[in-house]
Amino acid sequence: MEKNINQNTALLVMDIQGVTLSRLNDASVFTHSIKKAIKSARENNIPVIYVVVGFRKGYPEASAYNKSFSVLKNGDMAFDNEESTQVHESVEPQPGDIIITKKRVSAFTGSDLEVVLRSMEIKHLVLTGIATSGVVLSTLREAADKDYSLTVLADCCADLDEEVHRVLTTKIFPRQAEVITSDKWCENNYSVQNLATI
């Protein structure tokens with residue numbers, strides 16, 4: 001039986017939630033690229049794993065010592081209700097897709113992602129998400145330390161600071177990952193068909 005070249009690969013779609021997507025100036029180009037990548041993954045039997053950030057009501061998991069997450073308790077970005085932890089409808093999960101809830105910036109921290117990846121024998125992660133300087137950077141660093149092979153789809157990552165995004169995707173990420181566009185990744189999967197229907 002011929003070995004599927006994609007059988008040890010998973011596409012991670014990270015922090016694409018209403019509250020994060022709403023902070024981008026123009027999310028349409030970004031979501032179009034992600035939809036393309038998701039379509040290609042599904043056509044090639046690559047698991048699509050969604051990662052969302054979410055907390056219990058009142059944020060008991062957010063330490064007062066954590067500068068990033070302690071502000072959530074009094075801020076205007078809610079991550080402690082069911083609606084806020086939903087994947088945005090523009091990239092909505094399908095039956096069979098896996099949704100992981102995390103409690104920190106990295107997709108691994110406070111989640112069961114590693115258990116899921118191990119059970120599926122995943123060795124190669126394809127990273128997408130908001131923000132480039134947040135979940136993508138933190139997940140890439142931790143995944144590299146855990147010896148995963150990594151690809152970052154540059155146009156499927158977004159950041160509020162475009163210069164930070166540029167520096168990370170052109171100078172920092174290439175040290176530990178292959179950084180390519182969604183078009184190039186889809187082309188490598190031999191599955192770019194009927195993209196006008198996306």
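For this structure, a couple of remarks:
- Here the helices (runs of 4 or more DSSP H) wholly within region 94-198 that include at least 1 residues being of a type in the set (G, A, S) and more than 19 Å from V29 (Cβ to Cβ) are 113-119, 137-145.
- Number of residues in region 43-56 that are under 17 Å from E89 (Cβ atoms) and out of contact with any Ser or Thr (no Cβ under 8 Å at 6 or more places or on another chain) equals 2.
- Residue within region 122-134 that is in contact with a Cys (Cβ under 8 Å, 6 or more places away or on another chain), β-branched (V, I, T), under 20 Å from N45 (Cβ atoms) and at pLDDT 95 or above present: yes
- If only residues of region 50-92 that are under 12 Å from I16 (Cα atoms) and of a type in the set (V, I, T) are counted, the one that is modelled with the highest pLDDT is V51.
- Test: residue in region 38-47 that is under 16 Å from D15 (Cα atoms) and modelled with pLDDT under 70: no
- Leading residue by the ranking (surrounded by the most Cβ atoms within 10 Å (Cβ to Cβ)) among those in region 91-100 that are in contact with a helix residue (DSSP H, G or I) (Cβ under 8 Å, 6 or more places away or on another chain), hydrophobic (A, V, I, L, M, F, W, C) and without any contact (Cβ under 8 Å) to a residue 60 or more places away in the chain: I100
For every residue, the table says whether it meets (1) basic (K, R); (2) in contact (Cβ under 8 Å) with a residue 24 or more places away in the chain.
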{"site": "E121", "(1), (2)": "no, yes"}
{"site": "T128", "(1), (2)": "no, yes"}
{"site": "S138", "(1), (2)": "no, yes"}
{"site": "K146", "(1), (2)": "yes, yes"}
{"site": "S149", "(1), (2)": "no, yes"}
{"site": "D159", "(1), (2)": "no, yes"}
{"site": "I180", "(1), (2)": "no, yes"}
{"site": "N188", "(1), (2)": "no, no"}
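- On the stretch given as region 1-20, residues that are modelled with pLDDT of 85 or more and either part of a strand (DSSP E or B) or surrounded by fewer than 21 Cβ atoms within 10 Å (Cβ to Cβ) (or both) total 8.
- Qualifying residue in region 124-144 (condition: farther than 20 Å from D97 by Cβ and of a type in the set (D, E)): yes
- The set of residues from region 101-134 being among the aliphatic types (A, V, I, L, M) and buried (at least 21 other Cβ atoms within 10 Å of the Cβ) comprises V105, A107, L113, L117, I122, L125, V126, L127, I130, A131.
- Residues being closer than 10 Å to S90 by Cα and crowded, with 20+ Cβ neighbours inside 10 Å - total across region 32-42: 1
The values are calculated or read from the model by the stated rules, or taken from the named source; none is laboratory data. In this text, all values refer to a predicted model and were calculated from it rather than measured experimentally. Cβ atoms come from the backbone with ideal geometry, glycine included; neighbour counts cover every protein chain shown.
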